[in-house]
Amino acid sequence: MFKDFLVPLLMGDIPSPVVHTACAMAKAWRGRVIALVGVSQAAPIPEAWSYYPAGVYQNMRDCALATTQSMAEAADARLHYEGVPYEIRRSEAFWSTPEEISVEHARYADVTVLGMDTNEHDARHRLFAAVAVGSGRPVLCVPAYKALPADFGHAVVAWKPSREAARALRDALPWLARMRSVDLLSADETSSTAHPLDASLPNYLERHGVQVKQVRRSAAHASAGCVIVDHAIECNADLIVAGAYSRSRLVEQILGGTTRYLLDNAMCPVLFAH
């Protein structure tokens, strides 16, 4: 069951697709939205604090408090008419990074909902990576142009026999049980044969109330991420479920990877788990 949907609003904006998705899910699950607002200050190293004039940090704190209050009022105005229970949570961890603030709060929610807007693209990638790896909770990433529909339509589960894919499948089970249809998609870059245990997955999922269609696509001439996105477009998917960072984050940053490709190219929301 999903009840608490955390929406970190630490980039100075309130992205409508993200808020709309979080509110739609809160309505469907009879849960609530937690809007996290706050400011991250650039803190000098502690050893240098004694060299700054008295009152500098108090002034910075006062400005951060005022900005956080303004952000809280804007979030409250945005959520007031959505018709779902919500909480405006103010962070006063002004000397922490947005990633540290978000991870701490994400551990106390069921799902974190993030936007993948082109604005502050690298910062949003860093925030996603930190929350996905550090929170122990699934992350729902919403593209700038398509929110998750309120009705539970078609889902594509990107499957391979890895820890991250297994975690994503398990975390998504309550969601998948509500979907009208689910494709279990294997996009293998290295082998043309399925893992012998893959045949047991439909029965496992059926016992959890999920009916799936197994689909296998070759990724010999394209990346697995490209195959997943193309299949999701072909079947007009409303949701993709995928493991995050089955390779190291450093390798993904340098060489690219499925997680990065889905973040940049998926045309519908993606539920990630690590």
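The values are calculated or read from the model by the stated rules, or taken from the named source; none is laboratory data. What you see is a predicted model, and the numbers here were worked out from it, not measured in a lab. Note that each Cβ is placed from the backbone with ideal geometry, even for glycine, and that neighbours are counted across all protein chains shown. Quick note on the areas: whole protein, heavy atoms, side chains included, nothing else; ligands and nucleic acids left out. Shrake-Rupley method; radii C 1.70, N 1.55, O 1.52, S 1.80 Å.
Total residues in region 194-241 satisfying the condition of being in contact (Cβ under 8 Å) with a residue 12 or more places away in the chain and either in a loop (DSSP other than H, G, I, E, B) or open to solvent by 50 Å² or more (accessible area, probe 1.4 Å) (or both): the figure is 20. Tell me whether region 27-40 contains one or more residues that are modelled with pLDDT of 90 or more, open to solvent by 30 Å² or more (accessible area, probe 1.4 Å) and assigned to a strand (DSSP E or B). Yes: one or more hits.
Determine if region 134-152 includes at least one residue that is part of a helix (DSSP H, G or I) and either at pLDDT below 95 or β-branched (Val, Ile, Thr) (or both). Within region 134-152, none of the residues are part of a helix (DSSP H, G or I) and either at pLDDT below 95 or β-branched (Val, Ile, Thr) (or both).
For region 153-168, the candidate set comprises residues that are assigned to a helix (DSSP H, G or I) and of a type outside the set (A, V, I, L, M, F, W, C); within that set, the residue that is nearest to Tyr204 (Cα to Cα) is Arg167. Within region 74-113, the set of residues being open to solvent by 50 Å² or more (accessible area, probe 1.4 Å), farther than 15 Å from Arg32 by Cβ, in a loop (DSSP other than H, G, I, E, B) and touching a residue at least 12 places away in the same chain (Cβ under 8 Å) comprises Glu92, Trp95, Thr97, Arg107.
Residues satisfying the criterion are present in region 169-191 (criterion: under 14 Å from Ala242 (Cβ atoms) and open to solvent by 50 Å² or more (accessible area, probe 1.4 Å)).
Of all residues in region 152-172, those that are β-branched (Val, Ile, Thr) have Cβ atoms under 7 Å from Cβ atoms of residues that are open to solvent by 30 Å² or more (accessible area, probe 1.4 Å), 6 or more apart or on another chain, in Val156/Cys235.
Among residues that are over 15 Å from Ser16 (Cβ atoms) and open to solvent by less than 60 Å² (accessible area, probe 1.4 Å), Ser135 is included.
Among the listed residues Arg126, Arg163, identify the single one that is among the charged types (D, E, K, R) and either closer than 16 Å to Ser246 by Cα or in contact with a strand residue (DSSP E or B) (Cβ under 8 Å, 6 or more places away or on another chain) (or both).
Arg163
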